[in-house]
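Quick notes on the structure that follows.
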Amino acid sequence: MAAPTGTDASLAAKPDETSSQSTTSPNSSPSARKLPPPESRESLLLRRLSILSFWVLVLFVGLPIWLKTTAIYRAELPLQEMTDWAEGKVCKPVFPLRIAVEAPVSIPDAHHLLRTTQHALDDINDFSAHHLRLMLADSPLQSNASQQVITDGTGIMSNDRDVALAIRLIPVETGTTPRSHLQPYTPMLDVYYSPNQIPSQSSTGSTLATFLAQELHNIFAEEQAQLVHLLSASSGAHAAKIKALSPETSAELQRQSTRVLKYAPTYHLTFSLFTPSYAPSAWDIETALQSYMSPLLDAFSAISNFTVDTQVQLYATFAPSIHQPEYDEEKKTWILHKEDLSGFVNAAEWPLSPSIGEGPTVNFILYVPDRTQSPLLIKENAGNSWLIPQWGGVHILNLQGEPDTPSALTADMLAPAMHTFSNQLISLFGLPQSPASLPLRLSTLERVRAASLIFSASSTLGALAQVYQKLPSIPVPDNVAQSTHRTIAHLQQACDFLRDGRFPSALEHARSAEVEAEKAFFERSMVGQVYFPDEHKVAVYLPLLGPIAVPLIMAALKELKSVFKRG
Amino acid sequence: MAIDTRQAIDTRQAMDTRHKVLLFGAAAAVRLLLFTVFPALPDLLAGRVDVSTPVTSFKRLQEGVFLYTHNVSPYDGGVYHQAPLLLPLFSLLPNPAHAPLATNVFYTAVDLASAHALAQVADSGFASVTPWFASPRRHLRWSSAAIAAGFLFNPFTIATCLARSTSALTNLAILTAMAKASQGASFTFILAAAFAAYMAMHPILLFPPLTILLYHARTRNSKTTPSVSPFVISHTLGFCTAIAALLTGSAFLTRSWDFLSATYGVRLLLPDLTPNVGLWWYFFIEMFDSFRDFFLAVFWLHAASYMPGLTIRLHKQPLFVACTLTGVFAIFTPYPSIADAALYLSLVPMFRHLFPLMRYTFLASASILYTSFLGPAFYHLWIYAGSGNANFFYAITLVWSLGLSVILGDSLYAALRDELDVERPELRDKEVRRI
């Protein structure tokens, strides 16, 4: 490179002090060889000006450009707040559940019943974060009393969506009392009692109150266990205060949680029909899904969204590695061994692509065996369906009544398979086994999901704060900061709603918080320079800038030296 | 006596004119002959990376003209990166695919006009004599016809002409600006310099030294020195106005300002990393993305930083500064081609008086010749034969740039040594050493 040395390379000379135009007399010839005469003022000025011009460019153009183009932009993050969330200092999740009680008795009596029941309930409960609060509901029968009930602040409408459970006290004359009935499709517990079981104002206990407390405790036992398991697993801060679960319960919950799909805002369901021959080649899946699956998916829609697709695959063979079905002479059935079930799904050849839509895919496989191999059952329990943890479920459809495999399956034929699939989906989705009421189980799942999402979003925030502090060389764009702020806002709201017992809203905010937290943490542009230590910068800068800088600096030093010598 | 001298001068001029006519005729004949005898040659050369760059290629120009004549914005395809004003000019010419003659004649005429401008510069004598400086070796010079011949029969110039690269037009604008500056014609100088800057952007750096040249020419023509600041201000303003007019005209023509990013943006930011004979492409292929902006700035700053230093140091020889800057452009701009080298190598012979002072002529000419032959060969090995890789071609471009740099540095040394001889006549022909 013709470096700047070129410009001052020639100042080889030792011109006389006088200007070049005037006639100079070289009189000091012997000493001139040894001691160079000073340069003319003009050439000195020229040289300094040209050196200066390079330096002006470097300092006033080059330097700002360097600062501007290599600056790493790091948006401000609320680090302390993020760490606090991750350590669980900000939000201690509590679950105050509202139980509305409709009692067809006088107000003072009802209040007394509530008080005694609450006492009994608090005595049994040993998990303080999960708290059942009884409230006197405004029964539609007692419209005259409603005004007063609401104004005293403890009353509540029994059809409010924030009420976890409504208890309806029904006086009866016959049958054993008290007895209860949990309605399967509404969050409603009917309790039948004989009127004399209402505790009198003076008494401190009653069989009805004890019965109610015990009943409620049983209903929410599994939910409590799940929440305890979750709290102890996710944060050390809470674990100390929480009672330990029995090892069996713990193991059972652990088993359940390994089966359950990881939470996602959207799941993709794939229903596939596999058959080893040419038939059936059609199925009325749309109608079947409409009537058997849609109600369930609608019920789940508060927690996650679902997309659905279906496919039919003919001539689908088993993987050669598993045992082919054997014929059992005794039972006149074809049997599969339990240990072969893991290889039943021929992952290599069956087109079950892992992610079609957004979110994880859940596969449901309907296998219709060939006429010659029907009925096909599992040897150990003669069952025909099984669940594959975190992946999906399989159902073998044996068409017994038909003389030949029909070319199309009607919605009625699909009914048993659809029932199996909905059960499998419920398990995969993490819905608790008890109580028997579906709305109650859904609201339990809502609370568990809200809590787990709050924990996961908080820990993501903590991880982001750590990354921010540990890696000072990564750029942090503004949208990461915005996402972080939004996450914290959503978390705070979720936590507040949780404390107020408004669980659907809490879940909604926890979901948004999780989405924003993931977006902030997995920002693409942050990872570009993670593995770029400062030493590498030497290798980037030196090869080009070194050779340019050396003549520039040397020339500047020489000039400065001569200036000081003169001065 | 006086009549005799005038007669002698007249006969010489007549001789000169005859020489020039012969020379220009021969050059035009060579070009047109090559165009007609080898009809495939222009397209072959137009596809060569060392002749056509993304910002000068004739193929891309045709694409732009096609879009322009079909009323689509020529910059929409992301292929065309040249000045918008070229489009109406080339849309006037018949389609070169069917009737190439008009285009061929046009490019031949452009080369002849360039040679004419170069001859005018050489005739002005500013290479060795200016009002403030006269080289002690000024009697050493070649005739303008010889210098024009050096340009016209330079294989690089001929290849550029055959490839119909638009850098031929840029060269014409630069040479015309030099010629007009050396004749003291302000208006045409400003116009030509503005055209050069408008078409290739970096020639804007030639404006300061050429303005000084114009000032020298004015001084010599009128025997009085015009006052400096009004001169500088008026010419700078004129230059800015001319460029603004050209840009506004372009915006009017394409009905948007998109052409700025498609032409000057491409030259500045180097989005197209097609190989060329320069040093940038390989470097920026290997560059870490986060440092790309910084090194773009460094490379541009490096290329531009020579102008102020050289202009200040050698303000007595502005033509030499301008010539040296064209050499800098041939090495350090993002999309150089052999056309830029052809311009520089044609300007160097004007400084015949410096040749005795140059020390590395053999090294320089050898490396230029060596790379001229090996460059295409290595490119072929890399791209077509597949038996080489990018380093083959990059190594050759390094040697090519080294050769040009040696000429550049050596001529610079010679020019400074020459100035020293004026300052200190007693040191003439003596060994000097830098202290």
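The figures follow:
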item: Entries in A:LYS537/A:LYS565; A:LYS89/A:LYS537; B:LYS59/B:LYS180; A:LYS470/A:LYS537 that, when Cα-Cα distance is taken, lie over 30 Å; result: A:LYS537/A:LYS565; A:LYS89/A:LYS537; B:LYS59/B:LYS180
item: Theoretical gain in end-to-end length, A:ALA539 to A:GLN290 [0.36 nm per residue, Cα-Cα removed]; result: 83.2 nm
item: Using alpha-carbon coordinates, inclination of helix B:58-69 to the longest axis of chain B, degrees; result: 70 degrees
item: Nearest-0.05 FRET efficiency for B:PHE66 and B:LEU268, computed from C-beta distance (R0 25 Å); result: 0.45
item: For the stretch A:263-429, the Rg and Dmax computed from alpha carbons only, in angstrom; result: 15.7, 50
item: Label-point gap, in nm, between B:SER91 and B:ALA146 - each point 7 angstrom along Cα→Cβ; result: 4.8 nm
item: Spin-label model distance (nm) - A:GLU358 vs B:LEU22, 7 Å beyond Cα toward Cβ; result: 8.1 nm
item: 0 to 90° range, to nearest 10: angle between helix B:258-269 axis and chain B longest Cα axis; result: 70 degrees
item: Full-extension gain in nm, A:ALA481 to A:ILE170, via 0.36 nm per residue minus C-alpha separation; result: 106.3 nm
item: Shielding of B:284-297 by partner chains, average beta-carbon count, 10 Å; result: 4
item: Per principal axis, descending, Cα span of the stretch B:32-91 in whole Å; result: 36, 22, 15
item: Difference of contour (0.36 nm per residue) and Cα-Cα distance, A:ASP370 to A:ALA319; result: 16.8 nm
item: Convex hull volume per residue for the stretch B:85-149, taking Cα atoms only, in Å³; result: 102 Å³
item: Antiparallel bridges, percent of DSSP beta bridges restricted to the protein assembly as shown (to nearest 5); result: 20 percent
item: Lone cysteines, the protein assembly as shown (no partner Cβ under 4.7 Å); result: B:CYS161, B:CYS240, B:CYS323
item: GluC sites (Glu not before Pro) restricted to DSSP loop in the stretch A:60-108 with at most 16 other C-beta within 10 Å; result: A:GLU76, A:GLU87
item: Between 0 and 90°, nearest 10: helix B:207-222 axis offset from chain B longest Cα axis; result: 30 degrees
item: Pair A:LYS68, A:TYR327: separation of 7 Å Cα→Cβ label points (nm); result: 8.5 nm
item: Sites A:LYS470 and A:VAL56, calculated FRET efficiency, Cβ-Cβ separation with R0 25 Å, nearest 0.05; result: 0.05
item: 20 Å binning of all Cα-Cα separations within the stretch B:36-423, expressed as whole percents from 0 upward; result: 28, 60, 13, 0
item: P(r) of the protein assembly as shown over all Cα-Cα pairs, binned every 20 Å from zero, in whole percent; result: 10, 26, 21, 18, 16, 8, 1, 0
item: Within the stretch B:36-423: Cβ-based charge dipole about Cα centre, in debye rounded to nearest 20 (Lys, Arg +1; Asp, Glu -1); result: 940 debye
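Values quoted throughout were computed directly from the atomic coordinates according to the rules given, and no laboratory measurement underlies them. Not measured: the values here are computed from a predicted model. Positions of Cβ are generated from backbone atoms using ideal geometry, with glycine treated the same way; all protein chains shown enter the neighbour counts.
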